[in-house]
Amino acid sequence: MNERLLSSARILIFEITLGEIQKLLAAANIPILVLKGPHVAGTLYDDPAERIYCDLDVLVRPEHYYPAARILLPNGFKLFSVNKRRLASEKADYQLLLRAPRGVVIELHCALADRDQFYSDVNGFFQRSEEFILGDLRLQGLGKEDNLVHLCLHLGKRHFSHGEKKHLLDIALLLKKKKVDWPIFLDRVKRAGCRMITYYCLEAVRIRQGTEVPREIMASLSPSPWRRRILGRYLDPNVFPIYRFHETVPGFRERMVNLLLLDRIPTMVFSTLRFAGRSLLNLLLRAAPLRRMWLKRYPLRQWMDERYKLSKK
């Protein structure tokens, strides 16, 4: 009984917070899409309270990313976490972490995953979105094929190390309750550049959840033999977690798996070069004069200064 009350109270707080975000951004003509938690709970689960989520993921168009943050921050939202040793990487990220007035953590997205590695058709997401209800709110979430791509991306990014069993169940329920247009889905997967990740996600759901996935779809997604042999040393869709070394400290091995999960060789090369470039810039920005110069061009400098005093160090 107590758990049920706590769950209801948590959902109410999330509903109020989403309502505040929607109202503030709608006044500036900035539409939002709600990702994962509330959308998945409200459209795939018989009892939405069964799907626990701890934060809110909100997607805006890339051109609205910093304007949305500049609207929320003066209205009680705060920067949640900025790593002072990774300033260049933070600025290049696809999401910004905020804390809402009632303590809810908000992930403000301008893409579904790392923009250097995966393509997000954000304008298409908005055009193909579906409406869902959360309490008294009418909200928009991803259409079914886009949502399936995102659920796979979310589970598989970062070498499958941060996924939870509920993420597998989300995918299984979507495949059970929604009629997926497989050719459209395949096209979206290939455009996003997440064929490898999607293969291992669907293979895990097929094996562990007993979900039916057409053989021709799995064949279209299947990695090449050499890649499967290498990734098979690190990924096992028969067990959970899928990544075999999830308890180890991330290092070169994890970076290699991340690269092998990218579909295209050029993406691997450019991702490595950008990672190296940002790592070097992160080191340079530890010098106060360079940090101050860099922050002058940062769209959220005012709130960075207030929270971390970076420009005064």
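For the criterion of being in contact (Cβ under 8 Å) with a residue 40 or more places away in the chain, buried (at least 18 other Cβ atoms within 10 Å of the Cβ) and not hydroxyl-bearing (Ser, Thr, Tyr), Leu281 fails. When residues in the stretch 121-132 are screened for being in contact (Cβ under 8 Å) with a residue 60 or more places away in the chain and loosely packed, with under 12 Cβ neighbours inside 10 Å, 1 of them pass.
Of Tyr45, Tyr65, which residue is more than 14 Å from Trp303 (Cβ to Cβ), aromatic (Phe, Trp, Tyr) and out of contact with any strand residue (DSSP E or B) (no Cβ under 9 Å at 6 or more places or on another chain)? If you could, list the steps in order and put the result at the bottom.
Details: Tyr65 fails: out of contact with any strand residue (DSSP E or B) (no Cβ under 9 Å at 6 or more places or on another chain).
When all the criteria are applied, what remains is Tyr45.
Taken over the stretch 212-241, the residue count meeting the criterion of being out of contact with any Lys or Arg (no Cβ under 9 Å at 6 or more places or on another chain), among the aliphatic types (A, V, I, L, M) and more than 19 Å from Cys194 (Cβ to Cβ) is 0. Of the listed requirements (1) in a loop (DSSP other than H, G, I, E, B); (2) out of contact with any Phe, Trp or Tyr (no Cβ under 8 Å at 6 or more places or on another chain); (3) within 24 Å of Cys152 (Cβ to Cβ); (4) not polar (S, T, N, Q), Ala111 misses just one: (2). Within the stretch 171-190, the presence of at least one residue that is assigned by TED's automatic domain parsing to the domain that holds Val239, in contact with a Cys (Cβ under 9 Å, 6 or more places away or on another chain) and within 19 Å of Tyr45 (Cβ to Cβ) is confirmed. Cβ separations smaller than 6 Å between residues 6+ apart or across chains give the following pairs from the stretch 182-194 residues that are more than 13 Å from Thr267 (Cβ to Cβ) to residues that are small (Gly, Ala, Ser): Leu186/Ser220. Within the stretch 47-72, the residues that satisfy the criterion of being crowded, with 18+ Cβ neighbours inside 10 Å and of a type in the set (A, V, I, L, M, F, W, C) are Leu56, Val58, Leu59, Val60, Ala68, Ala69, Leu72.
Whether any residue in the stretch 120-134 is assigned to a loop (DSSP other than H, G, I, E, B) and farther than 21 Å from Leu221 by Cα is what I want to check. So that I can check it myself, show each step before the final result.
At the first step, the residues of the stretch 120-134 found to be assigned to a loop (DSSP other than H, G, I, E, B) are 120-121, 128-129.
Now narrow it down to the ones that are farther than 21 Å from Leu221 by Cα: 128-129.
Checking the stretch 120-134: at least one residue is assigned to a loop (DSSP other than H, G, I, E, B) and farther than 21 Å from Leu221 by Cα.
This table checks each residue for (1) crowded, with 17+ Cβ neighbours inside 10 Å; (2) in contact (Cβ under 8 Å) with a residue 24 or more places away in the chain; (3) among the charged types (D, E, K, R).
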| position | (1), (2), (3) |
| --- | --- |
| Phe77 | yes, yes, no |
| Glu90 | yes, no, yes |
| Arg99 | no, no, yes |
| Leu108 | yes, yes, no |
| Ala113 | yes, yes, no |
| Leu134 | yes, yes, no |
| Arg138 | no, no, yes |
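Considering the stretch 229-278 alone, what residues qualify as being in contact (Cβ under 8 Å) with a residue 12 or more places away in the chain, in contact with a strand residue (DSSP E or B) (Cβ under 9 Å, 6 or more places away or on another chain) and not in a helix (DSSP H, G or I)? Tyr234, Leu235, Ile242, Tyr243, Leu261, listed by residue number.
The values are calculated or read from the model by the stated rules, or taken from the named source; none is laboratory data. Only a predicted model underlies this, so the values are computations on that prediction, with no experimental measurement involved. Cβ coordinates were reconstructed from backbone atoms using ideal geometry, including for glycine residues, and neighbour counts include every protein chain displayed.
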